[in-house]
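The values are calculated or read from the model by the stated rules, or taken from the named source; none is laboratory data. Owing to the predicted nature of the structure, the values given are computational and were not obtained by experimental measurement. Every residue, glycine as well, gets a Cβ built from its backbone with ideal geometry; the counts of neighbours run over all protein chains shown. Surface accessibility is based on the protein's heavy atoms, side chains included, excluding ligands, DNA and RNA. Shrake-Rupley method; radii C 1.70, N 1.55, O 1.52, S 1.80 Å.
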There are 2 protein chains.
Amino acid sequence: MRAKHGLGQPWWHGKFRGCGYRITLGREVILDILAKADTHLSAEDIYIKAHAQYPNIGLTTIYRTLDILANLGLIYKFDFGDGRARYELTKGPKGTHHHHLICTGCNRVIDYTDFIDEEVELLRQTEKGLAKKYNFKIINHLIQFYGLCNKCSVKR
Amino acid sequence: MRAKHGLGQPWWHGKFRGCGYRITLGREVILDILAKADTHLSAEDIYIKAHAQYPNIGLTTIYRTLDILANLGLIYKFDFGDGRARYELTKGPKGTHHHHLICTGCNRVIDYTDFIDEEVELLRQTEKGLAKKYNFKIINHLIQFYGLCNKCSVKR
DNA sequence: CTCCTTATTGAAAATGATTTTCATTACCAT
DNA sequence: ATGGTAATGAAAATCATTTTCAATAAGGAG
């Protein structure tokens, strides 16, 4: 536990406290799990893992904490089309911005970072244009590609 | 009703029949509503409208038909983050491909077509690269921008 | 046009993810 | 150390979407 960032307090304590939220064991466990995750976890996935470390935690707390984290912009909430939300730290362990490639056959999700630079550059320009034209303050974007992975492609 | 496409049968009858689906009154009503819609309708929105024209229709039929339509690629299914799916004809009345700008404050959704050409061109290239690298057959893409509209921006 | 197979339908019940309620517990500023 | 208040868990409530099942209706064959 206590996933520290070098020395001192975990990186998120500051932002958390600054917004009037308290640091609790449950929240530490949840953030720890998110930080270590290498895939996109659902609320229940997180619950299972958290429960192993801290059996008293309830699913309700998972949902509440994820909601706060998403509002603070510390995590992204995704819908990959399978009826349950998935969560991911905004700045992953590697801090790499990525987009998703989703197989509609088996629901596999591939993170890719290729071409990201060109995409991001175009997005930046698009954002600027849209912000001006529609008087919108753009905060975030979502890009996903849907298709069939090689296995599902053959299977069909 | 009977939204014809010039002369002859409605444009979707062919694809529908070709896949072994039957043409029913309920389905005609639903497609008619989608074709006339100028916003992104939820299943319930469609149900309300359909029910006005054809009171016997059930919500179940709406869901089932939307599912078929999405599988046939005749409609897109979107998640704008408010807990209910929204549907839109793949080829709208104007046939314009567009992306979405979503206000996280009030859930308003703006369709935009600006910069679409550049976006689509970049996506095409990205798709090609991804398809090769990950051995994926890419069928579709999703691009959404999230932010605050001017009203919500001020309100906060 | 009539018959027959089979897809489709509506109503009601089931499902399953997420929220809410509420009494209890535990941060943490003072 | 302690009081005010945010946070918690359990259980119940919501709510969109699915499933079940018996009844109905497309639409091809004859």
Original post:
Measuring with a 1.4 Å probe in the full set of protein chains, what accessible area per residue, in whole Å², belongs to chain B?
Top reply: 58 Å²
Original post:
Using a ≥ b ≥ c from the Cα gyration tensor of the stretch B:97-156 (square roots of the eigenvalues), is it rounded, prolate or oblate, where a/c under 1.5 gives rounded and otherwise the larger of a/b and b/c decides, a/b for prolate?
Top reply: prolate
**OP:** Determine the shielding of peptide A:68-81 by partner chains: average, over its residues, the number of Cβ atoms on other chains within 10 angstrom of each Cβ.
**Re:** 1
**OP:** In nm, give the distance between the simple-model label positions of residue B:90 and residue B:114, each being 7 Å from the Cα along the Cα-to-Cβ direction.
**Re:** 2.9 nm
**OP:** Run the accessible area of chain A with a 1.4 Å probe and give the carbon-and-sulfur part as a rounded percent.
**Re:** 49 percent
**OP:** Would you list which aspartates and glutamates come within 14 Å of residue B:132, measuring only between C-alpha atoms, while excluding same-chain residues fewer than 8 positions from it?
**Re:** A:114
Original post:
Given charges of +1 on the Cβ of Lys and Arg and -1 on the Cβ of Asp and Glu, with all other atoms neutral, how large is the dipole of the protein assembly as shown about its Cα centre, in debye to the nearest 20?
Top reply: 360 debye
**OP:** Check the straight Cα-Cα distances from residue A:77 and name the aspartates and glutamates below 16 Å, setting aside those fewer than 8 residues away within the same chain.
**Re:** A:38, A:44, A:45, A:67, A:88, A:111, B:79, B:82
Original post:
What cysteines in chain B have no other cysteine with a beta carbon less than 4.7 Å from their beta carbon?
Top reply: B:19, B:106, B:152
Original post:
Where does the charge balance sit around residue A:21 when Lys and Arg score +1, Asp and Glu -1, over other residues with C-beta under 14 Å from its C-beta?
Top reply: +3
Subject >> Cubic angstrom per residue, convex hull over Cα atoms of the protein assembly as shown >> reply: 178 Å³
Subject >> Global form of chain A, assessed from the alpha-carbon gyration tensor, a/c cut-off 1.5 >> reply: oblate
Original post:
Placing +1 at every Lys and Arg Cβ and -1 at every Asp and Glu Cβ, with all other atoms neutral, what dipole size does the stretch A:1-91 have around its Cα centre, in debye to the nearest 20?
Top reply: 420 debye
Original post:
What nm value, rounded to one decimal, do you get for the distance between residue A:107 and residue B:106 when each label is placed 7 Å out toward the C-beta?
Top reply: 3.6 nm
**OP:** Go ahead and run the numbers for FRET between residue A:63 and residue B:9, Cβ-Cβ distance against an R0 of 35 Å, rounding to 0.05.
**Re:** 0.10
Original post:
How high is the relative contact order of chain B, given as a whole-number percent (alpha carbon pairs under 8 Å, six or more residues apart)?
Top reply: 16 percent
Original post:
Among all the lysines, which ones have a C-alpha under 24 Å from residue B:133's C-alpha, if same-chain residues fewer than 8 places away are not counted?
Top reply: A:94, A:151, A:155
**OP:** Round to a whole angstrom and tell me the spacing of the C-alpha centers of the stretch B:129-156 and the stretch B:50-64.
**Re:** 32 Å
Subject >> Buried solvent-accessible surface, both chains (B, A), 1.4 Å probe, Å² to nearest 100 >> reply: 3300 Å²
Original post:
To the nearest 20 debye, what charge dipole does chain A have about its Cα centre, counting +1 at the Cβ of each Lys and Arg and -1 at the Cβ of each Asp and Glu?
Top reply: 380 debye
